[in-house]
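Single-structure report; data block below.
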Amino acid sequence: MSRTALSLEPVAEDNNAWLAQIIRAQREGRSCLPAYLGLNATRYSELLLCHGLQAPTGSPVDSLVGERNALREELLALRREEWQALHDLLLAGQDDHGEPAMAAIVAAACLGGEHLWRDLGLDSRAQLYALLMHNFPQLARRNTQDMRWKKFFYKQLCEQDGGYVCRSPSCETCPTYHDCFGEEQ
């Protein structure tokens, strides 16, 4: 099965490949994730061991990488309540074969400023869809209008708390419809 093809039956071993790609992208500066991907150092090491992945090699803290990781850790700490709400939302949408640590990783990536697939260091939105369907199928299936994932997650949080963020009575009549839906570049 092609990784870019959408499928409702994700392959179970995909988490190894996704995690390897996410870690590589983080180390190469192609994601918004901090050094341990939003996990603590112990949980990060356990995750690598569990999935048979090697810790990234090379100098773990050259000055630029070290500064970038420190800033990302600060952002995560400042937005801990937001991260926790996203983490809980994702865990609630998980089933038996999902990777629990993936909720922490995706929640941390939601704090970035790009599309979620880019903030995770994935190659495409289709790859993100497959990752989400594999790890959080109950939640992912609720995105019936193909809303952008971060917007969708935050909308879910607002609906959970009884809040209503949007001023428009429906997405179809909203003047900023294309901010939530449409092509991602």
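Counting only protein chains, not ligands or nucleic acids, how are Tyr36, Tyr154 ordered by accessible area (probe 1.4 Å), most first? Don't skip to the end; give the middle numbers.
On the way: Tyr36 90, Tyr154 70 Å².
Largest accessible area first, the residues go Tyr36, Tyr154.
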(request) Just the number, please: carbon plus sulfur as a percent of the accessible area of the stretch 123-163, 1.4 Å probe, no ligands or DNA/RNA counted. (result) 46
(message) What is the sum of charges, Lys and Arg at +1 and Asp and Glu at -1, for the other residues whose Cβ falls under 9 Å from the Cβ of Ala101?
(response) -1
(request) Provide Cys110, Cys158 ordered by accessible surface of protein heavy atoms (probe 1.4 Å), highest first. (result) Cys158, Cys110
(message) Using a 1.4 angstrom probe on the protein heavy atoms only, could you order His51, His134 from most to least accessible area?
(response) His51, His134
(request) Multiply the residue gap between Cys50 and Cys158 by 0.36 nm, knock off their C-alpha separation, and tell me the result in nm, one decimal place. (result) 35.4 nm
(request) Kindly report, to the nearest 10 Å², the accessible surface of Glu114 as traced by a 1.4 Å probe over protein heavy atoms only. (result) 100
(request) Quickly work out the Thr144-to-Ala126 label distance, labels modelled 7 Å from Cα along the C-beta direction, and quote it in nm with one decimal. (result) 2.5
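The values are calculated or read from the model by the stated rules, or taken from the named source; none is laboratory data. It should be emphasised that the depicted structure is a prediction, and the values quoted were computed from it without experimental measurement. Using ideal geometry, Cβ is built from the backbone for each residue, glycine included, and neighbour counts are taken over all protein chains shown. These accessible areas exclude ligands, DNA and RNA; they are computed on the full protein's heavy atoms, side chains included. Shrake-Rupley method; radii C 1.70, N 1.55, O 1.52, S 1.80 Å.
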